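Working notes for the structure below.
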Amino acid sequence: MRTKSGRVGILPILAYILESIKNPAGCGCRDAPRLCFLRCPVVDSSGGRPAGLAGSVHLSVEPGDALLDPAAVVPTADVTELLTFPPERRIHQMTSYRLGVLLGDGIGPEIVPAATAVVDAAVASAGLAPVDWVDLPLGAAAIEQYGTAVPESTLTALAGLDGWLLGPHDSAAYPEPHRSRLNPSGTIRKHFDLYANIRPAKAFEGGTAVVPGTDLVIVRENTQGFYADRSTYAGTGEFMPTPDVAVALGIITRPAVERIARCAFELAGRRDKRVTIVHKANVLKLTTGLFRDVCREVARDYSEIAVDDFHIDAMTVHLVRRAADFDVIVTENMFGDILSDLAGEIAGSLGIAPSINASDTHAMAQAAHGSAPDIAGRDVANPIAMIRSSAMLLDWLAARHGDDRLRGAAVAVERAVETAVRSGISTGDLGGTASCSAFTAAVVDAIEAVRLGAARGGRS
């Protein structure tokens, strides 16, 4: 699938991001408990239907439902019933996906294994080969063993994997000179040019949302802006000409803004068709003014998308008051980092805020929150953000490889998390009493229960 510019973009790959991505235009399937997979005109940038289809095909999938054999789908304009095939009708993939595991620091060694356990259950429920997990050193442990937080061997290994899961890092606690260097996350993002940071914020039923109904996605430009430690080819954009003067560069370029803007508009086209541009052009007239103006230029290619813009300070107020009114928010690096933390808490807790960092060829699942060293090792951390980030990675891989069963695994993960929270099982930040391991077990059990239910239904 290609963008309107004719280039292959990452948003078609992220088109079905979990529950946070709503049904595309032209789809009448608004059945809340289900995610609708479409083959319809919106997926063809030329405006025509995909070859061989007489109409839209709607496939709604419940948690753990086996995906359909494509050959068994009869194209029709109004197919909305749920169809479940027994295990013997599934198509089995012979090749296993290879995913990197970087535990990180703090609560990382608790929440990353929680995510891999849930992914294993979901992949098995979809009839796929087990994931080939590749453990790689990173963070404080890597400093002790290799003398650097991100060994060169880790970067080399990541390049050969299908994707990877990155745990949080506690770089503020690293000894010098490591503390003053670009942190592990920034190092990996810069090395692989992971220019798009997609951060959904969605309130859970049974959760503790500050603004109920919140369901938005922040699209953060990940390579430039006012994060001076990662915006230059060599050196940094922050320096001190004298001991009493500190200077930071804010770097905004047209190509970087164009590609993140298209990312946001492609995503909005599959949601509620609204994009909000966040800037500070009343003060930073040239830098964030360029960001706003280029986004507006890109918007001309998407006449069906409603566009507005707000200053960053005003946007914080709007999110607190009416987060449910927003759909897709696009902004520069630092503003996106701040707003996504705020949005995550508004949706219920930063502990439920997932994200994916992606380019056109690589993707990294990373929870939006930090390493929480104050609760590390106590089995009380909320693993939802890391689990949902992993599901986003599965979804990215599914679109990249045309693997609908992997997409079904991603949906199963998201539904199982929702089921657990809705049933009253949650960690302390959401008002519950479950431990990290107990919540993880509940999610795995929810996936397994649906799988067994589908298997019994197939034998009946």
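The numbers here are math on the coordinates, done by the rules we state, and not lab data. Note that the structure is a prediction, hence the values are computed from the model and not measured. Quick reminder, even Gly has a Cβ in these numbers, built from the backbone with ideal geometry, and neighbours come from all protein chains shown.
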Given 10 °C and 1.306 mPa s, compute D for the range 210-346 with the Stokes-Einstein relation, Rh being the Kirkwood radius over Cα pairs; round to the nearest whole µm²/s. 103
Relative contact order of the range 210-346: what whole-number percent is it, with Cα pairs under 8 angstrom and at least 6 residues apart? 38
Starting with the highest mean, order 408-415, 273-280 by the number of other Cβ atoms within 10 Å, averaged over the residues of each peptide. 408-415, 273-280
Just rank TRP396, TRP133, fewest to most, by other beta-carbon atoms within 10 angstrom. TRP133, TRP396
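Starting from the exponent 0.38 and prefactor 2.2 Å, build the expected Rg for the range 325-382 from its residue count and divide its actual Cα Rg by it.
In units of the globular-protein estimate, the range 325-382 measures up at 1.30.
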Give me the compactness ratio for the range 176-217, meaning the Cα radius of gyration over 2.2 N^0.38 Å. 1.83
If I take the Cα coordinates of the range 362-414 and project them onto the principal axes, what are the three extents in Å, biggest first? 42, 23, 13
Could you list the square roots of 5 times each eigenvalue of the Cα gyration tensor of the range 265-348, that is, the equivalent ellipsoid semi-axes, sorted largest first and rounded to whole Å? 19, 18, 10
Part-to-part distance (alpha-carbon centres) for the range 199-236 and the range 159-182, which is given in Å: 19
Quick one: work out Rg over Rh on the C-alpha atoms of the range 289-422, Rh as Kirkwood radius. 1.00
Mind computing the radius of gyration and Dmax over the alpha-carbon atoms of the range 388-435? Å is fine for both. 13.3, 40
Place a +1 charge on the Cβ of each Lys and Arg in the range 324-441 and a -1 charge on the Cβ of each Asp and Glu, then give the dipole magnitude about the Cα centre in debye, rounded to the nearest 20. 480
